[in-house]
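Single-structure report; data block below.
The values are calculated or read from the model by the stated rules, or taken from the named source; none is laboratory data. Computed from a predicted structure; not experimentally measured. Here the Cβ positions follow ideal geometry from the backbone for every residue, glycine too, while neighbour counts run over all protein chains shown.
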Amino acid sequence: MNDLIWVVSAEALDNKMLRLEFNDGCVKEFDCRPLIGKYPAFAPLQDEKIFRNIALDGWTVTWNNGSIDIAPEHLYENGRTLYRSEEKPASYVAEEPGKYEAAPK
């Protein structure tokens with residue numbers, strides 16, 4: 001990956017998973033459990049209410065008013081690719097709780 005990558009929309013799912021769409025149209029799922037279990041900085045995300053309260057800062061997902069974030073490159077490189085946005089399956093329905101979309105740049 002040589003181009004600059006950032007998150008354009010994010011949705012908190014069950015089991016500490018995120019569904020993310022990136023600026024290149026790639027949609028991925030990212031499992032936050034390994035980070036939460038390994039690094040104390042992510043421990044607050046064990047609380048479901050905090051985990052579901054995600055926001056975007058223009059580059060990546062954040063929690064707790066920006067005090068917790070994950071680099072967009074890490075999310076991209078370690079996320080499981082679901083599809084590219086132009087290939088979105090007709091059966092895809094976004095869950096509304098915990099979904100945020102970035103404002104157009």
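Figures for the structure shown
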read-out	value
Residue list for the stretch 1-40, filter: farther than 12 Å from Gly79 by Cα and among the charged types (D, E, K, R)	Asp3, Glu11, Asp14, Lys16, Asp24, Arg33, Lys38
Qualifying residue in the stretch 90-100 (condition: at pLDDT 55 or above, on the phi < 0 side of the Ramachandran plot and basic (Lys, Arg))	no
Pair list, Cβ under 6 Å, 6 or more apart: the stretch 16-36 residue at positive phi, other residue in a strand (DSSP E or B) and at pLDDT below 95	Gly25/Arg84
Qualifying residue in the stretch 63-84 (condition: in a helix (DSSP H, G or I), modelled with pLDDT of 95 or more, hydroxyl-bearing (Ser, Thr, Tyr) and crowded, with 16+ Cβ neighbours inside 10 Å)	yes
